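A short worksheet on the structure shown next.
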Amino acid sequence: MDFTDGTKKSNLPDFAGKNFADRIASEIKGTQAFKQVSREPVNEKSVVVSGRITKYAEGNSALRLLVGFGAGSSHFDADVKISDSPTNTELGQIDVDEKSWGLGGIMAATQTVEGFMSGASKKIAKELAEAKRMEGTEEESQER
(Lines give C-alpha, C1' and ligand atoms only; values in the text may rest on other atoms or scores of the structure.)
Protein backbone atom coordinates (compact mmCIF):
# COMPACT_ATOMS: atom_id res chain seq x y z
CA MET A 1 0.00 0.00 0.00
CA ASP A 2 1.13 3.59 -0.58
CA PHE A 3 2.47 5.24 2.57
CA THR A 4 0.47 8.13 3.99
CA ASP A 5 1.61 11.55 5.15
CA GLY A 6 2.28 11.46 8.88
CA THR A 7 4.55 14.51 8.96
CA LYS A 8 3.78 17.21 11.52
CA LYS A 9 3.26 19.85 8.83
CA SER A 10 1.56 17.52 6.33
CA ASN A 11 4.15 18.54 3.76
CA LEU A 12 5.12 15.18 2.29
CA PRO A 13 5.84 15.44 -1.46
CA ASP A 14 3.06 13.79 -3.49
CA PHE A 15 5.37 11.12 -4.93
CA ALA A 16 7.04 10.04 -1.68
CA GLY A 17 4.44 7.61 -0.28
CA LYS A 18 4.15 5.73 -3.58
CA ASN A 19 7.90 5.84 -4.16
CA PHE A 20 8.69 4.23 -0.80
CA ALA A 21 6.01 1.54 -1.28
CA ASP A 22 7.32 0.79 -4.79
CA ARG A 23 10.85 0.39 -3.45
CA ILE A 24 9.68 -1.99 -0.72
CA ALA A 25 7.70 -4.10 -3.22
CA SER A 26 10.69 -4.28 -5.55
CA GLU A 27 13.02 -5.38 -2.77
CA ILE A 28 10.53 -8.00 -1.55
CA LYS A 29 10.28 -9.40 -5.10
CA GLY A 30 14.07 -9.59 -5.16
CA THR A 31 14.15 -11.87 -2.11
CA GLN A 32 11.97 -14.45 -3.94
CA ALA A 33 10.54 -15.39 -0.52
CA PHE A 34 6.95 -14.85 -1.64
CA LYS A 35 5.08 -16.40 -4.58
CA GLN A 36 3.47 -13.11 -5.51
CA VAL A 37 4.16 -9.47 -4.68
CA SER A 38 1.44 -7.02 -5.64
CA ARG A 39 1.01 -3.29 -5.20
CA GLU A 40 -2.76 -3.81 -5.51
CA PRO A 41 -5.01 -5.51 -2.92
CA VAL A 42 -5.50 -9.23 -3.60
CA ASN A 43 -8.44 -11.47 -2.65
CA GLU A 44 -6.40 -14.29 -1.18
CA LYS A 45 -4.67 -14.41 2.20
CA SER A 46 -1.63 -12.17 2.11
CA VAL A 47 0.73 -9.98 4.08
CA VAL A 48 0.13 -6.24 3.71
CA VAL A 49 2.91 -3.69 4.13
CA SER A 50 1.60 -0.19 4.86
CA GLY A 51 2.36 2.78 7.05
CA ARG A 52 3.08 6.44 7.21
CA ILE A 53 6.07 8.63 6.59
CA THR A 54 6.58 10.76 9.69
CA LYS A 55 9.59 12.84 8.66
CA TYR A 56 10.81 13.78 5.20
CA ALA A 57 13.49 16.43 4.77
CA GLU A 58 15.79 16.45 1.76
CA GLY A 59 18.08 19.01 3.36
CA ASN A 60 20.95 20.66 1.52
CA SER A 61 23.97 18.57 0.49
CA ALA A 62 26.21 21.65 0.08
CA LEU A 63 25.54 22.70 3.67
CA ARG A 64 26.16 19.15 4.88
CA LEU A 65 29.47 19.08 2.99
CA LEU A 66 30.79 22.52 3.88
CA VAL A 67 29.28 23.40 7.26
CA GLY A 68 28.31 20.19 9.03
CA PHE A 69 27.10 20.29 12.65
CA GLY A 70 23.61 19.34 11.45
CA ALA A 71 23.31 22.16 8.90
CA GLY A 72 21.36 21.00 5.85
CA SER A 73 20.60 17.61 7.41
CA SER A 74 18.42 15.13 5.54
CA HIS A 75 15.89 13.02 7.45
CA PHE A 76 13.58 10.13 6.64
CA ASP A 77 11.40 8.47 9.28
CA ALA A 78 8.51 6.07 8.77
CA ASP A 79 6.25 3.78 10.75
CA VAL A 80 5.90 0.52 8.79
CA LYS A 81 3.02 -1.81 9.63
CA ILE A 82 2.97 -5.48 8.63
CA SER A 83 -0.53 -6.97 8.79
CA ASP A 84 -2.49 -10.03 7.77
CA SER A 85 -5.11 -9.71 5.07
CA PRO A 86 -8.14 -9.90 5.17
CA THR A 87 -8.31 -9.75 9.01
CA ASN A 88 -5.99 -6.70 9.22
CA THR A 89 -4.35 -8.29 12.28
CA GLU A 90 -1.04 -6.57 12.95
CA LEU A 91 1.87 -9.01 12.64
CA GLY A 92 4.65 -6.55 13.30
CA GLN A 93 5.98 -3.05 13.02
CA ILE A 94 9.26 -1.61 11.81
CA ASP A 95 10.38 1.89 12.70
CA VAL A 96 12.57 3.66 10.15
CA ASP A 97 14.69 6.48 11.61
CA GLU A 98 17.37 7.80 9.27
CA LYS A 99 19.27 11.09 9.22
CA SER A 100 22.47 12.34 7.69
CA TRP A 101 25.68 12.26 9.63
CA GLY A 102 25.86 15.40 11.78
CA LEU A 103 29.56 16.15 11.45
CA GLY A 104 29.37 17.04 7.76
CA GLY A 105 31.85 16.24 5.05
CA ILE A 106 31.54 14.04 1.97
CA MET A 107 29.86 11.22 3.88
CA ALA A 108 27.04 13.50 5.10
CA ALA A 109 26.71 15.21 1.71
CA THR A 110 25.97 11.91 -0.01
CA GLN A 111 23.30 10.82 2.47
CA THR A 112 19.95 11.57 0.84
CA VAL A 113 16.29 10.76 1.45
CA GLU A 114 16.38 8.56 -1.68
CA GLY A 115 19.29 6.61 -0.22
CA PHE A 116 17.52 6.28 3.12
CA MET A 117 14.39 4.95 1.36
CA SER A 118 16.47 2.38 -0.52
CA GLY A 119 18.28 1.20 2.59
CA ALA A 120 15.07 0.95 4.61
CA SER A 121 13.34 -0.95 1.78
CA LYS A 122 16.15 -3.51 1.72
CA LYS A 123 15.98 -3.98 5.50
CA ILE A 124 12.18 -4.39 5.45
CA ALA A 125 12.37 -6.95 2.62
CA LYS A 126 15.13 -8.85 4.43
CA GLU A 127 13.13 -9.00 7.68
CA LEU A 128 10.02 -10.22 5.86
CA ALA A 129 11.99 -12.89 4.00
CA GLU A 130 13.60 -14.06 7.26
CA ALA A 131 10.20 -14.21 8.99
CA LYS A 132 8.81 -16.23 6.07
CA ARG A 133 11.73 -18.68 6.27
CA MET A 134 11.30 -19.03 10.04
CA GLU A 135 7.57 -19.68 9.57
CA GLY A 136 8.43 -22.47 7.13
CA THR A 137 10.94 -23.95 9.59
CA GLU A 138 8.35 -23.93 12.39
CA GLU A 139 5.76 -25.65 10.16
CA GLU A 140 8.30 -28.34 9.17
CA SER A 141 9.21 -29.08 12.80
CA GLN A 142 5.52 -29.33 13.76
CA GLU A 143 4.96 -31.91 11.01
CA ARG A 144 7.69 -34.16 12.45
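Pairs are defined by a Cβ separation below 7 Å, a sequence spacing of at least 6 or placement on different chains, a first member in the stretch 108-133 that is of a type in the set (F, W, Y), and a second member that is buried (at least 22 other Cβ atoms within 10 Å of the Cβ); the pairs so defined are F116/F76.
Considering the stretch 28-38 alone, what residues qualify as being surrounded by 16 or more Cβ atoms within 10 Å (Cβ to Cβ), in contact (Cβ under 8 Å) with a residue 40 or more places away in the chain and more than 13 Å from the chain's Cα centre (by Cα)? Let's see the steps before the verdict.
Taking the stretch 28-38 as the starting set, the residues that turn out to be surrounded by 16 or more Cβ atoms within 10 Å (Cβ to Cβ) are 28, 31, 33, 37.
Those left that are additionally in contact (Cβ under 8 Å) with a residue 40 or more places away in the chain: 28, 31, 33.
Residues satisfying the conditions are T31, A33.
Could you please let me know if F34 is at pLDDT below 95 and on the phi > 0 side of the Ramachandran plot?
No, not satisfied.
Confirm whether E138 is on the phi < 0 side of the Ramachandran plot, at pLDDT below 75, loosely packed, with under 13 Cβ neighbours inside 10 Å and not β-branched (V, I, T). For E138, the condition - on the phi < 0 side of the Ramachandran plot, at pLDDT below 75, loosely packed, with under 13 Cβ neighbours inside 10 Å and not β-branched (V, I, T) - is met. Quick one: in the stretch 39-57, which of the residues that are under 16 Å from the mean Cα position of the chain (by Cα) and among the hydroxyl-bearing types (S, T, Y) is surrounded by the most Cβ atoms within 10 Å (Cβ to Cβ)? Residue satisfying both the conditions and the ranking: Y56. Scanning the stretch 94-130 for residues that are open to solvent by 80 Å² or more (accessible area, probe 1.4 Å) and modelled with pLDDT under 85, we see that the one that is nearest to the chain's Cα centre (by Cα) is K99.
Restricting attention to the stretch 48-87, the residues that are at pLDDT 85 or above and touching a Leu at 6+ places or on another chain (Cβ under 7 Å) total 5.
Can you find a residue that is closer than 16 Å to F76 by Cβ, open to solvent by 60 Å² or more (accessible area, probe 1.4 Å) and hydroxyl-bearing (S, T, Y) anywhere in the stretch 7-27? Scanning the stretch 7-27 turns up no residue that is closer than 16 Å to F76 by Cβ, open to solvent by 60 Å² or more (accessible area, probe 1.4 Å) and hydroxyl-bearing (S, T, Y).
The values are calculated or read from the model by the stated rules, or taken from the named source; none is laboratory data. Remember, predicted model here, so these are calculated numbers, not experimental data. As a convention, Cβ positions derive from the backbone with ideal geometry for all residues, glycine included, and neighbour counts pool all protein chains shown. Surface areas here come from the heavy atoms of the whole protein model, side chains and all, with no ligands, DNA or RNA. Shrake-Rupley method; radii C 1.70, N 1.55, O 1.52, S 1.80 Å.
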